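The values are calculated or read from the model by the stated rules, or taken from the named source; none is laboratory data. None of these values were measured; they are calculated from a predicted model. Heads up, the Cβs are rebuilt from the backbone with ideal geometry, glycines too, and the neighbour counts pull from every protein chain shown.
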Amino acid sequence: MSDIFVPWRKRPPRHDAGPSGLVARLAVGLYRIGSPIVRRFPGTLFILASTAAILATGAIGYGMYTIYRLSEMSLPMGPDAKPATVVEIQERLSQLGLPVPATVVWCFQSSLVRDVVALLGIIAFVSVLAMFAIWWERKVSAHIQSRLGPMRVGGWHGWSQSLADGLKLIGKEDLIPTEADRPLYRLAPYLAFVPALAAFIFLPFGAYWVMRDLDVALIILLAVLAIEVIGVLVGGWASNNKWSVYGALREACQVVSYEIPMGISLLVPVMIAGSLRLSDIAGSQQGGWFHWLAWHSPWAFLAMFLYFIASLAACKRAPFDLPEAESELVAGFHTEYSGFRWSLFFFAEYAAMFLVSGLLVILFLGGWDAPWAGLDDWLGRALGWHWLISLSQSQNPYDRLFHGVFFSGPLWFIGKAMVLVYVQLWLRWTLPRLRIDQVLYSCVQVMLPLTIVVLVASAVWEMAVQEMPGFSVFASLISPVIAFIGILGCGSAAAAIITGTIGRRALVGTMAVERPLRGG
Amino acid sequence: MPHGSPITDPILTSQGLLLVVLAGIAMALGALLIGKLLRRNVPHGVKGEAYECGEPAVGSSWVQFDLRFYVVALLFVIFDAEVALLYPWAVVFKDSGWSGLVDLLIFLGLIVVGFAFLWRFGYLDWIRSIRAQTDANASE
């Protein structure tokens, strides 16, 4: 105890020596040179950087396309795609007069290149996603509470706040409580972060945009995602802090119990599509919004909402954010965590938010299709435009780009999933937190019976549609009605957002007023 | 519309998982190592204390916990095994005809009977009053 109550030790003198000093001085120098330029020409630099990025992406894509064309191989996409073997590539290249040794070719073998590209893409996507989502959450929460949120760092609405926070977190002192279980305390962030990253390799972003397209993708995705709980539990327990232990046990209890309604409600789309492979389930909903499984039957519609509620609990978002309830448990399971270890938990949380939303989009909301996805074929046939009809099967990169931007592709998938992430943020700052007994009550005595009813009813419905012709006519009448209700709901949400944006109150300082104050 | 053929090769799957797990560990470890090179280390006795709102922490927090968590865990094990067994059923459900539906009803019915038992005798309630329990015991 005595060392706690001694007067504060004086800070040791600054001496920026060694590698850390060099790095720090380099960073400061770079900032001094760079910041006036960035401040002077923010718009120009942004346009230049994005143009360069787009050009570079196009150049790399076109280069790969040309290489494949030159070596007379089919592009590794399409239903009968076969990645070329090392020997094949080597033979083709030597025919072109480029004798390249097999060891070099092996590095560029298409399946390995594909893996590395996919891995880098996933890591880049998760990092950007987490940074963007944290900034977004701060902005959304601020505007819901009539504040402005981050406004300074980087200029426009504090867009680089998360980047600055990340740098700060890397530079923060690494504190481990003396009473903590040190190995477990260090292990826990990895246990939370790595599964959240690993689940992305099974999540299809588009028809061929998936690293490992498994036939049991749904089960393995849920299984990998569920490991994250162990990280939280271990972290809370190893901290040896009463708040952390409470948070960790709540997390275990809550996630474990909501796993059941989540699993049962996900059985409904599996039953309808007859496959556990995510690209099959999404593929079975092609051809426009009225084919989406959400409006397939009333029970699928209900199952979507049940899954969404259970997924909120599974990634500990409000109103189920008991594990880190700020107002009762300080910060819950990560009370003792600081610096970069702490931020790993948040990476995991935002990645999991996107994953569960993406799963909902794939299973119920048509995956990567635009609402008018079947329109290109239909329009092409109606107007006799042949290039439109074959657009989705085209091998031409420009056709594919056009099809991906306007009809179906990863952009649409990410867009839909981000809308659901926004709904999660919106709910967090709107609803009050539940109590632990209410959480358990709503799970085992409300959600669980409801999901069982939905499962049985959906099974009966599907069987009746399949076996009884009269009922299938009735079902095909019901389905457009639900689709209409669903599109009406989406439309009214969009209308609410637009009206809110047009009629928003001006913010003066930190105070919301009806119109700008004089002299403000 | 089918999109090629799915991957069923366990080696290819585990290779992908291994790659991403290694990449994830490298990503986290790399940032922590860079931090270790950059940051200062000024240890102090107070910094190592467990945070309990400024009070000195009393005792360890590794304590035994309420058995209600145990009931939840048991419920989870039973239902999760059930859900895991239902997934293969759901895949072949449409081909199996009415008999598949009957299978589901029997299988689910057995679990639901146990669930109803738990519910009826109050094992699902988080807050259980001693009064209610003694009343239940007295009536037996």
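Within the range A:247-261, residues that are in contact (Cβ under 8 Å) with a residue 12 or more places away in the chain sit with their Cβ atoms under 8 Å from residues that are part of a helix (DSSP H, G or I) and among the polar types (S, T, N, Q), at 6+ positions apart or across chains, in these pairs: A:Ile260/A:Thr451; A:Pro261/A:Thr451. Can you name every residue in the range A:318-342 that is among the charged types (D, E, K, R), under 21 Å from the mean Cα position of the chain (by Cα) and within 13 Å of chain B (Cβ to nearest Cβ)? Listed by number, the list holds a single entry, A:Arg341. When residues in the range A:434-488 are screened for being of a type in the set (Asp, Glu) and not assigned by TED's automatic domain parsing to the domain that holds A:Met262, 2 of them pass.
Restricting the range B:43-71 to residues that are within 7 Å of chain A (Cβ to nearest Cβ) and within 12 Å of A:Asp174 (Cβ to Cβ), the residue that is surrounded by the most Cβ atoms within 10 Å (Cβ to Cβ) is B:Gly48. For A:Phe345, are the conditions met, namely being within 14 Å of another protein chain (Cβ to nearest Cβ), in contact with a Leu (Cβ under 6 Å, 6 or more places away or on another chain) and aromatic (Phe, Trp, Tyr)? Against the criterion (within 14 Å of another protein chain (Cβ to nearest Cβ), in contact with a Leu (Cβ under 6 Å, 6 or more places away or on another chain) and aromatic (Phe, Trp, Tyr)), A:Phe345 does not qualify.
Taking the range A:250-272 on its own, how many of its residues are more than 7 Å from chain B (Cβ to nearest Cβ) and under 19 Å from B:Phe65 (Cβ atoms)?
Taking the range A:250-272 and keeping what is more than 7 Å from chain B (Cβ to nearest Cβ), we get A:250-252, A:254-255, A:258, A:261-262, A:265-266, A:268-269, A:272.
Now drop any that are not under 19 Å from B:Phe65 (Cβ atoms), which leaves A:250-252, A:254-255.
Going through the range A:250-272 one residue at a time, the tally reaches 5.
Counting only helices (runs of 4 or more DSSP H) wholly contained in the range A:167-249, the ones carrying 1 or more residues that are within 30 Å of B:Leu38 (Cβ to Cβ) and facing chain B (nearest Cβ under 10 Å) occupy A:182-198, A:228-238.
Entry remark, the range A:446-479: residues being under 12 Å from A:Trp299 (Cβ atoms) and acidic (Asp, Glu) number 1 in total.
Taking the condition over 27 Å from A:Glu328 (Cβ atoms) and surrounded by fewer than 24 Cβ atoms within 10 Å (Cβ to Cβ), does A:Leu191 pass? Outline the logic, then answer.
Details: over 27 Å from A:Glu328 (Cβ atoms): no; surrounded by fewer than 24 Cβ atoms within 10 Å (Cβ to Cβ): yes.
Here the answer is no, as A:Leu191 does not meet what is asked.
Applying the criterion of being in a helix (DSSP H, G or I) and touching a His at 6+ places or on another chain (Cβ under 9 Å) to the residues of the range A:128-157, the residue that is modelled with the lowest pLDDT is A:Lys139.
List pairs: first residue in the range A:443-471 and under 30 Å from B:Tyr123 (Cβ atoms), second residue β-branched (Val, Ile, Thr) and surrounded by 20 or more Cβ atoms within 10 Å (Cβ to Cβ) anywhere in the structure, Cβ distance under 7 angstrom, at least six positions apart or on different chains. Every condition considered, the pairs that remain are A:Met447/A:Ile309; A:Leu448/A:Ile260; A:Thr451/A:Ile264; A:Ile452/A:Ile264; A:Val454/A:Val268; A:Leu455/A:Ile264; A:Leu455/A:Val268; A:Ser458/A:Val268. Scoring A:Ser275 on the criteria (1) under 20 Å from A:Leu440 (Cα atoms); (2) surrounded by fewer than 23 Cβ atoms within 10 Å (Cβ to Cβ); (3) within 8 Å of another protein chain (Cβ to nearest Cβ) leaves a single failure, condition (1). Please verify whether B:Asp95 is surrounded by 12 or more Cβ atoms within 10 Å (Cβ to Cβ), free of Cβ contacts under 8 Å to residues at least 24 places away in the same chain and more than 7 Å from chain A (Cβ to nearest Cβ), treating the condition exactly as stated. The answer is no for B:Asp95.
Looking at the range B:4-21, which of the residues that are in a helix (DSSP H, G or I) and more than 9 Å from chain A (Cβ to nearest Cβ) is modelled with the highest pLDDT? Even if it seems obvious, please write down each step before you answer.
Initial filter on the range B:4-21 (in a helix (DSSP H, G or I)): B:10-21.
Those left that are additionally more than 9 Å from chain A (Cβ to nearest Cβ): B:10-11, B:14, B:18.
Working: B:Pro10: 73, B:Ile11: 71, B:Ser14: 78, B:Leu18: 84.
Among residues in the range B:4-21 that are in a helix (DSSP H, G or I) and more than 9 Å from chain A (Cβ to nearest Cβ), the one modelled with the highest pLDDT is B:Leu18.
The requirement of being of a type in the set (A, V, I, L, M) and surrounded by fewer than 16 Cβ atoms within 10 Å (Cβ to Cβ) is satisfied by B:Ala26.
Let me confirm something: among B:Leu29, B:Leu33, which residue is more than 27 Å from A:Pro269 (Cβ to Cβ) and at the interface with chain A (Cβ under 9 Å from one of its Cβ atoms)? Please lay out each step first, then the result.
Details: B:Leu33 fails: at the interface with chain A (Cβ under 9 Å from one of its Cβ atoms).
Only one candidate passes the filter, namely B:Leu29.
All of A:Ile436, A:Ile452 fail the test of being in contact with a helix residue (DSSP H, G or I) (Cβ under 7 Å, 6 or more places away or on another chain) and modelled with pLDDT of 85 or more, apart from A:Ile452.
Away from every other protein chain (no Cβ under 14 Å), within 17 Å of the chain's Cα centre (by Cα), at pLDDT 80 or above and part of a loop (DSSP other than H, G, I, E, B) - does that describe any residue in the range A:295-316? Yes, because at least one residue in the range A:295-316 is away from every other protein chain (no Cβ under 14 Å), within 17 Å of the chain's Cα centre (by Cα), at pLDDT 80 or above and part of a loop (DSSP other than H, G, I, E, B).
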